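Reading through the structure tokens given below for one structure.
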Amino acid sequence: MATSYDYAPLYRSSVGFDRIFNLLENAQRARSSNDWPPYDIVKTDDDTYRISIAVAGFAQDDLDITFQSNLLTVTGKKQDSPSEDYLHRGIAGRPFEHRFELADHVRVNAADLNNGLLTIELVREIPEALKPRKISIQSTPALTSVAPAQIEAQKAA
């Protein structure tokens, strides 16, 4: 049983969060999709992540990784050799596509295929303009009251 959420009340009381609501709606729709092949998402450090996808039987030429507009897409399409006559086929080789919505300023750092695992390294790089910065506080000299005797002395000089 799938639960659907209505985000309309949130639209009435918030400004500029459209992208977040779209991500939530897309994630809700994507849950019904196929989760094959299995994958892990690991936070390896404060600003680094790793996605590992089990792609046993797929060669490097059978896999495609694209990144566009905060969407990472991993697709696999195995090139079958029709000359083989299988008696039993237990290793799945069907085509797949996984889509991962990435946060702003997250980019793909590297991808590696080793022992049937496709590993994609991600890193979040916040631009200098968006990083917190220290603001110096300027102090102005305080106004001091001058005694009337000092004013008279200044006038006489």
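The table that follows gives values for the structure above.
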| quantity | calculated |
| --- | --- |
| Matching entry among S139, S52 (being at pLDDT below 90 and among the small types (G, A, S)) | S139 |
| Residue in region 121-134 that is out of contact with any strand residue (DSSP E or B) (no Cβ under 6 Å at 6 or more places or on another chain), under 17 Å from I65 (Cα atoms) and either free of Cβ contacts under 8 Å to residues at least 12 places away in the same chain or surrounded by 11 or more Cβ atoms within 10 Å (Cβ to Cβ) (or both) present | no |
| Among residues of region 37-94, those that are open to solvent by less than 50 Å² (accessible area, probe 1.4 Å), of a type in the set (A, V, I, L, M) and within 15 Å of E121 (Cβ to Cβ), counted | 4 |
| Residues that are of a type in the set (G, A, S), modelled with pLDDT of 75 or more and out of contact with any Phe, Trp or Tyr (no Cβ under 9 Å at 6 or more places or on another chain), drawn from region 14-40 | G16 |
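The values are calculated or read from the model by the stated rules, or taken from the named source; none is laboratory data. If you're wondering where the values come from, they're calculated on a predicted model, not measured in any experiment. With ideal geometry, Cβ positions are generated from the backbone for all residues, glycine too; neighbour counts draw on all protein chains shown. Each accessible area value is taken on the protein alone, full model and side chains, heavy atoms only, with ligands, DNA and RNA left out. Shrake-Rupley method; radii C 1.70, N 1.55, O 1.52, S 1.80 Å.
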